[in-house]
Amino acid sequence: MALYEETLTSRALQIIMVIPILSMLVGLYVAYWAGEGFEIMLATTVGVAVLLLDVMKIKIEIDERELRIRGVLGLIVRKTVPIENIASFRIGEGWASCYGMVHFNLPAKGCVTIHQKKGWSVSFTTNNPEEVARVLAILGVPREA
């Protein structure tokens, strides 16, 4: 059972990401009718569509064992951090005030940086940074000053 769960989306970003998908579909149509490069264009269109779909939405879940960050499909955008591997965390104001070696970023009210005992730091944006801080504190993770 999740102690905290949030899904972040950005309507403006979703609209902007439709433009490359539509462009790739037009290119696929043109390649089909030209009779050249259709297979390459098809593979590229599928790859780009999967990538763009995966980054359109971020789902954050925290339970007793781990913190999970996933995209729509969870193929490319995915990170799991065990709670016992979290050394500390930091809360930032505004969605652009955090940085980590692995960063998940969509427009939001705040952000959280997770410093791991082993591995790179992970940061993500959230609309409820203080709620994330409360859940992590309940799980015994220290907060940076």
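The values are calculated or read from the model by the stated rules, or taken from the named source; none is laboratory data. If you're wondering where the values come from, they're calculated on a predicted model, not measured in any experiment. Here the Cβ is made from the backbone with ideal geometry for all residues, glycine too, and neighbour counts use every protein chain on show.
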Restricting segment 25-84 to residues that are more than 15 Å from Glu5 (Cα to Cα) and hydroxyl-bearing (Ser, Thr, Tyr), the one farthest from the chain's Cα centre (by Cα) turns out to be Tyr32
Just need a number here: residues in segment 67-96 that are of a type in the set (Gly, Ala, Ser) and not in a strand (DSSP E or B). 4
Qualifying positions in segment 13-66 - exposed (fewer than 13 other Cβ atoms within 10 Å of the Cβ), assigned to a loop (DSSP other than H, G, I, E, B) and not charged (D, E, K, R): Gly35
Only one of (1) assigned by TED's automatic domain parsing to the domain that holds Ala133; (2) within 22 Å of Ile114 (Cα to Cα); (3) under 19 Å from the mean Cα position of the chain (by Cα) is not met by Ala2, so which one is it? (1)
